[in-house]
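One structure is given here, and the rest of the page talks about it.
The values are calculated or read from the model by the stated rules, or taken from the named source; none is laboratory data. Quick caveat: nothing in here was measured; it's all calculated off a predicted structure. Note that we place each Cβ from the backbone using ideal geometry, even for glycine, and neighbour counts take in every protein chain shown.
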Amino acid sequence: MLTLSLTTALRHQMDVIAHNIANANTTAFKGERVLFATYLQEVDGKEIAFVDDFAVLRNLAEGPITVTGNPLDLAIRGDGYFQVDTPDGVRFTRGGHLGLDADGALVTTDGYPVLADDGFPILTIPGDTNIMVGSDGTVTSETGDIGRLGLVTFADARALIYQGGGLYATDATPLPAADAKVIQGSLEGSNVEPIIEMTRMISLLRSYQAAQSLADRQDELRSQAINTLANVDRNV
């Protein structure tokens, strides 16, 4: 039982690490780790050891911020998320590689409108070319104020559920991100460290191979025991 639950848990952790490595260059991606617990459970009067991968913990540390010079690239320093209007409802992201759609709305790379603090999309004025974003999220242009980014945070950001594409969902009530700062012309990178993840992957592969070898040996011993008992029955 221990071997089966261990190999299952190790496979899950390898999947998580592979996902981290695949997103090492994804804007504002947060790496994850699997939490394990080993426990004993009584089965048919015997105590059997099990391994349970009971949770995946997200690393909320801020990724490195890189200057791009693109005025529509926005990084968040501190605890905060942009609000995004998607077909599935409002989602949250730290990915700030933004652009303008045909209507002048500030949108994500997937075309989802970024919301202001009043809950409506941020619409630029046609013909505006000099768009500025202040550290508090205020968006202006040469023609005046446009709006203010609706930066939010959460009491427990680890409760956010990753939806892919840099978007998170949650039923928790968002709170104003009073301490978050917007940095225009920059992007937050992934906080995944590829070398560390590769080292963990190699270590896990060795552990998995050892556990699999033990499982194969147990199967072999079980088969030998069955064959021995079968021969004893025939000879009786």
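Across segment 142-155, the number of residues qualifying as part of a loop (DSSP other than H, G, I, E, B), surrounded by fewer than 19 Cβ atoms within 10 Å (Cβ to Cβ) and either touching a Gly at 6+ places or on another chain (Cβ under 6 Å) or among the polar types (S, T, N, Q) (or both) comes to 1. For segment 166-203, a residue qualifies if it is of a type in the set (Gly, Ala, Ser), free of Cβ contacts under 8 Å to residues at least 60 places away in the same chain and not assigned by TED's automatic domain parsing to the domain that holds Asn25, and the qualifying residues are Ala172, Ala178. Against the numbered list (1) in a loop (DSSP other than H, G, I, E, B); (2) within 22 Å of the chain's Cα centre (by Cα), Ala102 comes up short only at (2). Screening the candidates Leu57, Leu74 for the property of being within 17 Å of Ser190 (Cβ to Cβ) and modelled with pLDDT of 95 or more yields one hit, Leu74. Residues considered: Val139, Val114. Of these, the only one that is in contact with a Phe, Trp or Tyr (Cβ under 8 Å, 6 or more places away or on another chain) and part of a strand (DSSP E or B) is Val114.
This table checks each residue for (1) assigned by TED's automatic domain parsing to the domain that holds Tyr81; (2) at pLDDT below 95; (3) not in a strand (DSSP E or B).
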| residue | (1), (2), (3) |
| --- | --- |
| Asn25 | no, yes, yes |
| Ala28 | no, no, yes |
| Leu40 | no, yes, no |
| Val51 | no, yes, no |
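Considering each of Ser203, Ser207, Ser141 in turn, give the residue that is modelled with pLDDT under 95, more than 20 Å from Leu60 (Cα to Cα), touching a helix residue (DSSP H, G or I) at 6+ places or on another chain (Cβ under 9 Å) and not aliphatic (A, V, I, L, M). Before you say what the answer is, go through the steps one by one.
Details: Ser203 fails: touching a helix residue (DSSP H, G or I) at 6+ places or on another chain (Cβ under 9 Å); Ser141 fails: touching a helix residue (DSSP H, G or I) at 6+ places or on another chain (Cβ under 9 Å).
Testing whether each residue is modelled with pLDDT under 95, more than 20 Å from Leu60 (Cα to Cα), touching a helix residue (DSSP H, G or I) at 6+ places or on another chain (Cβ under 9 Å) and not aliphatic (A, V, I, L, M) leaves just Ser207.
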